[in-house]
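Asks: Supplied in structure tokens, the structure appears directly below.
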Amino acid sequence: MKALLLRDLALAVKAGGGFGLSLAFFLIVTVLVPFGVGPDTGILSEVASGVLWVGALLACLLSLDRIFQLDFEDGSLDLLVTAPLPLEGLVAVKAFAHWLTTGLPLTLLAPVLAVLLNLDPAGFPWLVISLALGTPALSMIGTFGAALTVGLKRGGLLLSLLVLPLYVPTLIFGAETVRRAVDGFDTTTPLLMLSGITLGTIALLPFAAAAAIRINLR
């Protein structure tokens with residue numbers, strides 16, 4: 001599992017696996033929003049939490065099709081499936097590697113970009129906390145979607161259509177956490193919901209994704 005994790009991290013960084021692409025996309029979305037919304041700092045402050053979460057969500061989508069597709073094309077996936085490593089463990093490692101190269105950098109970059117959107121300083125720590133709790137769910141759900149579409153030609157669009165509806169609860173509770181913190185309200189409920197979604201996806205989706213891979217490789 002360690003060797004597989006290091007391999008995926010190296011591919012993501014060296015082979016255009018989406019590491020820099022996701023960060024660049026997140027930056028572009030955040031920079032373009034003020035041009036579209038206008039220079040009113042009050043409006044930007046109100047939409048900041050939602051824009052940052054939507055940007056992070058869309059940035060995660062960019063590299064999902066590479067999670068299994070490259071391994072499928074060069075035959076590595078067949079070897080990994082027959083390896084002693086349980087297929088559920090393979091899925092979990094793939095999702096963890098995606099989070100390390102996409103979700104974690106986006107979480108660390110978000111407070112810097114929040115300044116461009118005039119987010120209230122009170123929301124900065126809660127933005128990081130919500131992204132840290134929610135982005136693992138995005139990676140796990142995305143890995144499940146990638147398993148469903150592995151082997152399909154031009155499956156990127158289908159993958160996005162499958163995954164985006166499943167991302168909505170995470171988006172809602174993540175943005176609501178930051179919004180409540182800025183308004184001075186209690187953030188316990190959205191944080192608990194966000195944590196429950198993440199723990200639920202980590203507990204269930206590796207088995208569902210493994211079953212999808214077995215079916216697609218038959």
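The values are calculated or read from the model by the stated rules, or taken from the named source; none is laboratory data. Because the structure is predicted, anything quoted here is derived from the model rather than measured. Cβ atoms come from the backbone with ideal geometry, glycine included; neighbour counts cover every protein chain shown. We work out accessible area using only protein heavy atoms, side chains counted, and drop any ligands, DNA or RNA first. Shrake-Rupley method; radii C 1.70, N 1.55, O 1.52, S 1.80 Å.
Asks: Write down the radius of gyration of the stretch 110-218 and its Dmax, each obtained from C-alpha positions, in Å.
Replies: 16.4, 54
Asks: Sum -39500 (n - 2.57) across every DSSP H segment of at least 4 residues in the chain, then divide by the residue count to get the 222 nm mean residue ellipticity, nearest 500.
Replies: Working: 10 runs with 176 residues, N = 218.
Calculated at 222 nm, the ellipticity per residue is -27000 deg cm²/dmol.
Asks: Starting at the first residue of the stretch 199-212, write each ³J(HN,Hα) from the Karplus equation 6.51 cos²θ - 1.76 cosθ + 1.60 with θ = phi - 60°, in whole Hz, x for Gly and Pro.
Replies: 5, x, 5, 5, 6, 9, 5, x, 6, 5, 5, 4, 5, 5
Asks: By a straight-distance test (C-alpha under 19 Å), which lysines pair with LYS14 as possible cross-link partners, with residues fewer than eight away in the same chain excluded?
Replies: Output for LYS14: LYS2, LYS94.
Asks: Next question. In Å², what does the accessible area per residue of the chain work out to with a 1.4 Å probe? Please report the intermediate quantities before stating the final value.
Replies: On the way: 10380 Å² over 218 residues.
So the chain comes to 48 Å² accessible per residue, rounded to a whole number.
Asks: Working out 0.36 nm times the residue gap between ASP186 and ILE28, then minus their Cα-Cα distance, what length gain in nm do you get to one decimal?
Replies: Here the segment from ASP186 to ILE28 would lengthen by 53.7 nm.
Asks: Could I ask something else about it? Could you give the Stokes-Einstein D for the stretch 4-91 in µm² per second, using the C-alpha Kirkwood radius, 25 °C, 0.890 mPa s?
Replies: Translational diffusion coefficient: 159 µm²/s.
Asks: Moving to a separate point now. Give me the distance in nm between label points sitting 7 Å out from Cα along the Cα-to-Cβ direction at LEU6 and LEU108, one decimal.
Replies: So the label points at LEU6 and LEU108 sit 2.0 nm apart.
Asks: Another question, if that's okay. Test of understanding: what is the full-extension gain from LEU158 to PHE207, defined as 0.36 nm times their sequence separation minus their Cα-Cα distance?
Replies: Here the answer is 15.5 nm.
Asks: What whole-number distance in Å separates the alpha-carbon centres of the stretch 33-112 and the stretch 156-170?
Replies: 12 Å
Asks: If you don't mind, there's one more thing I want to ask. Relative to the longest principal axis of the chain, what angle (0 to 90°, nearest 10) does the C-alpha long axis of helix 19-37 take?
Replies: That helix lies at roughly 30 degrees to the long axis.
Asks: How tilted is helix 124-149 with respect to the longest principal axis of the chain? Cα atoms for both, answer in degrees (0 to 90, nearest 10).
Replies: Roughly 30 degrees, rounded to the nearest 10.
Asks: Okay, next question. List, in order, the whole-Hz ³J(HN,Hα) value for each residue of the stretch 101-106 obtained from phi through the Karplus relation with A = 6.51, B = -1.76, C = 1.60 and θ = phi - 60°; use x for Gly and Pro.
Replies: Working through the residues one at a time gives 9, 10, x, 5, x, 5 Hz.
Asks: For a quick protection proxy, order the peptides 205-214, 126-135, 32-41, 185-194 by their average other-Cβ count within 10 Å, most packed first.
Replies: 126-135, 205-214, 185-194, 32-41
Asks: Same structure, new question: Over the alpha-carbon set of the chain, work out the extent along each principal axis and list the three values in angstrom, largest first.
Replies: That gives 55, 33, 29 Å along the principal axes, largest extent first.
Asks: Arranged from highest to lowest average of other beta-carbon atoms within 10 Å per residue, in what order do the peptides 98-108, 81-91 appear?
Replies: 98-108, 81-91
Asks: If you split all Cα-Cα distances of the stretch 143-201 into 5 Å bins from zero, what percentages do you get per bin, shortest first?
Replies: 4, 18, 21, 15, 13, 11, 8, 6, 3, 1
Asks: Going Cα to Cα from LYS153, which lysines come in below 18 Å? Please leave out same-chain ones fewer than 8 positions away.
Replies: In chain and number order, there are no partners.
Asks: Placing unit charges on C-beta atoms (Lys and Arg positive, Asp and Glu negative, everything else neutral), compute the dipole magnitude of the stretch 104-218 about its Cα centre in debye, rounded to 20.
Replies: 680 debye
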